[in-house]
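Readers should treat all values here as calculations from the given coordinates under stated rules, not as data from a laboratory. Fair warning: this is a prediction, and the values are worked out from it, not measured in the lab. No Cβ is skipped: glycine too gets one built from the backbone with ideal geometry, and neighbour counts run over all protein chains shown.
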Amino acid sequence: MSEPGRRSLAAYALPALSLAILTLPLYVLVPAFYARELALPLAAVGQPLLAVRLVDALSDPLVGVLADRWRPAFGRRRLWFALASVPTAVAAFFVFTPPADAGVSYLMLWGVILSVAWTAALVPYTAWGAELSTLYHGRARIAGWRETCALLGTLVALFAQVLVPLAGFPGERAVLLTIGIFILVTLPASALVTVVAVPEPRDLSKERLTLRDGLRHMRENRPFLRLILAFLLNGFANGFPATLFIFFVAEKLRVPDAAGPLLVLYFFCGVAGVPVWLKLAGRLSKHRAWCFAMLFACTFFAVAPFLGEGATLAFACVCIGTGFALGADLMLPPSIQADVIDVDTAASGEQRAGIYFAAWGLATKLALALAVGVAFPVLAASGFNPSASLRTDSGLAMLGFLYAGLPVVLKLAAIAVMWNFPIDVATHAQLRETIEARQRPVNLDSSAK
């Protein structure tokens, strides 16, 4: 397959914008909206959201296996994505625009539909990107385009929370309605552009593994196990600041109104960082560039625990540095993941990007869940509970440590795992030679001589 040009890259990356616009409101705005606007108890809102997480845990591997095994004529990546994009958009619209009398059952129904449809779209979409290029650096380029669109989508969602009220439509309902309509229109439309303009990757499978053999090959794929360990450590590290950002700004810095502008600054710097890390990966290797990005983030995170009330400018510098590193965190690991899938393909004979990216999705959700599960109980035990007006000095110190100190330790551990990662451009070229050799027809006349 020839390497995709700019038009194909843009067409492939376009849906990531709509998918990212969906993410921020779903996890940040929706729980509070259902609790405040619909007068549902917060614990009751948490139940369907927990159910959605459980469905996520089941749907990821199921979709991964089906996306690899089902091989329709239209394409196993393109057809899955085309079929799943519409129900994803419809379910998101209904989650974001509940009627006034909506209850827990409404959120449960549409939340579960959204979870399943979203997974059914996202797993083949990311697997598609991994298979579009067979080149070591070409995969980083594809991931760079996709994650840049995702970061831009996050910025659009942030700006919507400011611009919709300024346009004369106040309240969270108006913001969610606007975002819901935008997703309902743009996600199916951008998916159609992708399906029409981007080719289906060539399936290089020569074997059809049983589930047991497939799991055995995953367990024996040492680079994959090493990468997913580093990804879990780094994802765990990123989960703490993502979970505690609002508390850190509002309670430790005491500047709650600065949270929105600081988030915009953070994600804008993420966009700016993508081409820089992409260029560094081209000069070094993808795993070394990722290590340097994590080390770069650590130097800024190390300052944050020592910031006190009113240190807005200093924290803005932290947001700039860590945001700049975010581009590498989003772009380089999925690109390396595509390379470790080649280790499996070369060993097993079956090309199974779907199940690998399903495992990747599970690791992402596990890392975030671990961060939430650790952060809040530890903060409460140390004397920090804003809802009860409890903000002791020890609690604020723990908030600073969990927000930035512990992430530094976790990122350093991830760097140690990845620094001497065994796949570089030369090693990957050998893997591709092994895989491609299976596709060449055997010259029987020549072999008989």
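Computed values, structure above
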item	result
With Cα atoms, 0 to 90° folded angle of helix 222-247 axis to the chain main axis	20
Simple spin-label estimate for Arg212 and Leu412 in nanometres, 7 Å along Cα-Cβ	4.5
Residue-span extension gain [Tyr27 to Val185] - 0.36 nm each, minus C-alpha spacing	54.8 nm
Reported label for calculated semi-axes √(5λ) of the Cα gyration tensor in Å given [x] 106, 30, 17; [y] 38, 26, 20; [z] 35, 28, 20	[y]
Cα gyration tensor, segment 180-252 - rounded (a/c under 1.5), prolate or oblate	oblate
Potential lengthening between Asn420 and Ser205 on full extension [0.36 nm per residue; Cα-Cα distance subtracted]	74.5 nm
Ranked Ser115, Ser382, criterion: other C-beta atoms within 10 Å, fewest first	Ser382, Ser115
Links that overshoot a 30 Å alpha carbon limit, given the list Lys279/Lys411; Lys252/Lys286; Lys206/Lys411	Lys252/Lys286; Lys206/Lys411
Tilt relative to the chain, helix 425-437 - C-alpha long axis, 0 to 90 degrees, to 10	50
Order of Phe401, Phe247 - criterion: other Cβ atoms within 10 Å of each residue's Cβ, fewest first	Phe401, Phe247
Cα gyration tensor, segment 80-197 - rounded (a/c under 1.5), prolate or oblate	oblate
Segment 290-449, Cα convex hull volume normalised per residue, Å³	134
Choice from Ala381, Ala304, Ala121 with maximal GNM fluctuation in the chain (Cα, 10 Å cutoff)	Ala381
Between helix 104-132 and the chain: long-axis angle, C-alpha atoms, 0 to 90°, nearest 10	40
Efficiency of FRET from Cβ geometry, Val86 and Lys365, R₀ 41 Å, rounded to 0.05	0.95
GNM top mover of Ala358, Ala189, Ala338 - the chain, alpha-carbon springs below 10 Å	Ala189
Gaussian network model of the chain, Cα within-10 Å springs - most flexible of Ala91, Ala302, Ala414	Ala302
Theoretical ellipticity at 222 nm over the chain - DSSP helices of four or more residues, -39500 (n - 2.57) apiece, nearest 500	-26500 deg cm²/dmol
Kirkwood Rh (inverse of mean 1/r, distinct Cα pairs), segment 293-386, angstrom	16.5
Cβ-based exposure ranking for Arg216, Arg139, in which fewest neighbours within 10 Å come first	Arg216, Arg139
In nm, spacing of pseudo-spin labels at Trp70 and Val374 (7 Å Cα→C-beta vector)	3.8
Arg254-Phe159 FRET efficiency (beta carbon distance; Förster radius 22 Å; 0.05 resolution)	0.30
